[in-house]
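Worksheet for the structure shown next.
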Amino acid sequence: MENQNNQNDKPADSYSQAPQQEEKSVLAELAEFVSRKKEAAAQNVKSAPVQETKQDAGQAAETKKSDDPAQNANGKEEGKSEAVQDENGSERQERPVRNNRGRGPRRPRNTEAKAPKKEEGAEGFEEGRQQEERKPRTARGTRGAAARAERPARTEKASRVEKNDKETGAEKLERAEKPARTERNARAERPAKSEKPVRAPKAKNVLADTTSKPKVRIIPLGGLEQIGMNITAFEYEDTIVVVDCGLAFPTDDMLGIDLVIPDVTYLERNIDKVKGFVITHGHEDHIGALPYILQKINVPVYGTKLTIALIENKLKEHNLMKSTKRKVVKHGQSVNLGCFRVEFIKTNHSIADSAALALFTPAGIIVHTGDFKVDYTPVFGDAFDLARFAELGRKGVLALLSDSTNAIRKGFTASERTVGKTFDAIFAEHKNNRIIVATFASNVDRVQQIIFTAEKYGRKVVVEGRSMVNVIGTANELGYINISDGTLIEIDQLKNYPDEQTVLITTGSQGESMAALSRMASGLHRKVSIKPNDVVIMSSTPIPGNEKQVAKVINELAMRGVEVITEDTHVSGHACQEEIKLIYSLLHPKYALPVHGEYRHLMANQSIATAVGVPKENVLIMSSGDVVEICEDSCKVVDHVQHGGILVDGLGVGDVGNIVLRDRQNLAQNGIIIVVLTLERYSNQLLAGPDIVSRGFVYVRESEDLMDEAKRVVDDAVADCLSRHVTDWGKLKNMIRDSLSDFMWKRMKRNPMILPIIMEVE
């Protein structure tokens, strides 16, 4: 500070040596005052508050505007500036050109003293706003303000000097606050080399800390709380990938309904985000709804070879082959869909070409097992790719969506080859009988083993059932099943061979009323008649909910003298507890989300996950329609979207709802009564009726007295309405319906559907 003060004194000394006039000019007095102010401020610079800079500057500017109009007028002249270009060629404002006429010699600028002053007195200020404000003059004005506060009251002459000083300080502040500076000022106001500039990465780090981690949304639109209708959406920003798109078969209370498909309203509302359907395998509960959904959401479909071939069979029936893009993906290959990369991994199931899916998302790796079991000796193709699962586990898996169908069963699922040994024993024991095998149409490996056994014992094979014919035909064309020449025959040729030389492979293992086996058992099949010497093998287990239908078919077969074999004729295509534990142990997922099963199955899967080390709080039991948001730090349900089942009745999709089903159930349980009457148009006089027609309620010929009483009740109700001049047909129908309903309930304790019909003639 000593050198600094000496340097600042030199201009003041030289200025004092200038020629004097008779009376000191105002500028000379100003120079003397500035010199005294510098000496006082140099001693108190450390104690001067930095925050006063702006306040003092504002006061100085206010004083300039209000105290001296002449000076303000002159300031307009002095504020003129020139546009110049910096080193980059951009235009900036030059320092204002000052008019110094009449002020005497100009005090030289001392730029060397600015940097140390700024370093000592305004270091903290510069740390916060280095780019916005570099005003050493302002700091000098602050120190001057502190000095003025310590001085006693001055004379009138000194006040004039102070006034001029305020004006000059305002001018300096005005110049300092201009955004553009000359190159010389810029060099002078640069921080000293020892001063570290403010670093931008500091702000970036703060931003990184506040930024949330990527979150992927998992939205199951079906497949939970039931077996069937599997469909799950994975969403991140502008990308939605849909895994599977299956159907469900109607329950007993869905009278007349053929199929149930998922409600995809959420996908329709976000159709621009949907990049494609990714299919795990070719079962109906995973591909059956595609022909209906693709009519609304036309996006590409990705799957393995056999899966795509089975999908194409459905697309041909609905004339969608030309409008739908299909892509065959091999095991081990990946497809890029928006923000996701989806890898197909080889698994085992009751159908060939099944696959698990590894979704590489911005939040992490999510694995969807699809339907699977671990079969070390499959009938066709390679075994389960456990090595790839282990590799994914070493990389780190964020979440696992695991098949839960057999999570309640202990142990391992038997290999498919064990069923072949059972078939061999049955065929050897019943060499003199015709054998009928009922199984799933899509179980290609099961059909393969039946054909192998039939060829071994010299039998011809007939494939019956529409779905069975389609699936086996497609698998044979693609090479997924091996059939020797001459083994397969048409059903019309069955009569040309003795019973002991034939085998029928048919649908109907679940007791479906229209399946081939059900029609054979009831004697309604046109080409096959059940004989007492036949042997029927039920090569399946009833799906939950189908037990009654299966038992009915078995009873009908037994009444015809048929031997029905159900023991050891089927192995599941789904993993049991030990296999599910193996998958968890290989992948080590952070979160577990059980799928594909009823609620009891999902709870069993949860127990398995916790047993192998997944924290219980990291296992989430989802419901259809839940929106699960998952990232590295959390997995929780954040929303719920529209979901449910859309009923398919014939060609109608969605035209049958709960109201129609309720009416059908009422008709099926109680029947219907129709009341018909005729009125004159203008007078509303009863011309004919009321006549009563009944269907499904009572046998009319044996209940004539009941129907006569019902007619009298309706007559009274109509007469009462007409006597009170009730002309509204709605009110008239309600009166008829209420009066007749009360009568039938009192007499029969039944509540049939009552349908009044009013006709009008002139």
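Only the coordinates and a few stated rules stand behind these numbers; no lab work does. From a predicted model like this one, the values you see are computed outputs, not experimental measurements. Neighbour counts are summed over all protein chains in view; Cβ atoms, including those assigned to glycine, are modelled from backbone coordinates with ideal geometry.
Could you grab the Rg to Rh ratio for the range 657-761? Cα atoms only, Kirkwood for Rh. Answer for the range 657-761: 0.99. Each of Glu760 and Ser683 was given a label point 7 Å from its Cα along the Cα-to-Cβ line. The distance between the two points is 1.7 nm. Taking other residues whose beta carbon is less than 12 angstrom from the beta carbon of Ile257, and scoring Lys, Arg as +1 and Asp, Glu as -1, yields -4. Arg466 to Glu578: FRET efficiency via 1/(1 + (r/R0)^6), r the Cβ-Cβ distance, R0 30 Å, to the nearest 0.05? The calculated FRET efficiency here is 0.20. For the range 417-565, the alpha carbon positions stretch 37, 31, 31 Å along the principal axes, listed from largest to smallest. The Glu312 and Ala414 beta-carbon pair, evaluated with R₀ = 35 Å, returns a calculated FRET efficiency of approximately 0.60. Taking θ as phi - 60° and the Karplus parameters 6.51, -1.76 and 1.60, the scalar couplings of the range 470-483 work out to 5, 5, 5, x, 5, 5, 5, 5, 8, x, 8, 8, 10, 10 Hz in sequence order, x denoting glycine and proline.
Annotation: the residues Thr541, Thr324, sorted from fewest to most other C-beta atoms within 10 Å of their own C-beta, follow the order Thr541, Thr324. Extension gain for the segment Gln665 to Arg36, taken as residue separation times 0.36 nm less the Cα-Cα distance, is 215.8 nm to one decimal. Counting only Cβ charges, +1 for Lys and Arg and -1 for Asp and Glu, the dipole size of the range 417-561 around its Cα centre is about 280 debye. Look at Val437, Val761 and count the other Cβ atoms within 10 Å of each Cβ; fewest to most, that gives Val761, Val437. Here's the picture: a label point sits 7 Å out from the Cα of Arg560 along the beta-carbon direction, and within the range 528-548 the residues with their amide nitrogen under 13 Å of it are 528-537.
Put simply, the amide H of Val329, placed in the peptide plane, has neighbours under 5 Å in Gly303, Thr304, Lys305, leaving out anything fewer than 5 places away on its chain.
Figure legend: label point modelled 7 angstrom from the Cα of Trp729 along Cα→Cβ; residues of the range 742-762 with amide N under 19 Å from it are 754-762.
Potential lengthening of the chain between Glu567 and Thr377 amounts to 66.2 nm, from the contour at 0.36 nm per residue minus the alpha-carbon distance. Label zone (Ser522, point 7 Å along Cα-to-C-beta; backbone nitrogen cut-off 18 Å) within the range 248-279: 250-259. Were the residues from Glu702 through Met603 laid out at 0.36 nm apart, the gain over their Cα-Cα distance would be 30.1 nm. When only the Cβ of Lys, Arg, Asp and Glu is charged (+1, +1, -1, -1), the dipole of the range 536-575 relative to its Cα centre reaches about 180 debye. Counting only Cα atoms, the size of the range 260-397 along its three principal axes is 40, 37, 25 Å, in decreasing order. Taken one residue at a time, the phi angles of the range 649-666 give Karplus couplings (6.51, -1.76, 1.60, θ = phi - 60°) of 10, x, 8, x, 10, x, 7, 10, x, 5, 5, 5, 4, 5, 5, 5, 5, 5 Hz. Gly and Pro are set to x. Across the cross-link table entries Lys275/Lys346; Lys421/Lys590; Lys305/Lys395; Lys322/Lys460; Lys322/Lys346, which are compared at the Cα atoms, the separations over 31 Å belong to Lys421/Lys590; Lys322/Lys460. With neighbour counts taken as other beta-carbon atoms within 10 Å, the residues Thr610, Thr405, Thr377 rank, fewest first, as Thr377, Thr610, Thr405. Of the residues Val718, Pro752, Asn734, the one whose Cα sits farthest towards the positive end of the charge dipole of the range 674-762 is Pro752 (charges of +1 on Lys and Arg Cβ, -1 on Asp and Glu Cβ, taken about the Cα centre). Rg over Rh for the range 543-608 works out to 1.18, using Cα positions for both radii and the Kirkwood form for Rh. Reducing the range 532-566 and the range 612-637 to their Cα centroids gives an inter-centroid distance of 42 Å. Placing pseudo-labels 7 Å out from each Cα toward the beta carbon at Lys746 and Glu617 gives an inter-label distance of 6.6 nm.
Under a model in which nothing but the beta-carbon of Lys, Arg (+1) and Asp, Glu (-1) is charged, the range 657-761 shows a dipole of about 460 debye around its Cα centre. Dividing the mean sequence gap of close Cα pairs (under 8 Å, 6+ apart) by how many residues the range 241-392 holds gives a relative contact order of 18 percent. When Rg and the Kirkwood radius Rh are both evaluated on Cα atoms of the range 566-648, their ratio Rg/Rh stands at 1.05.
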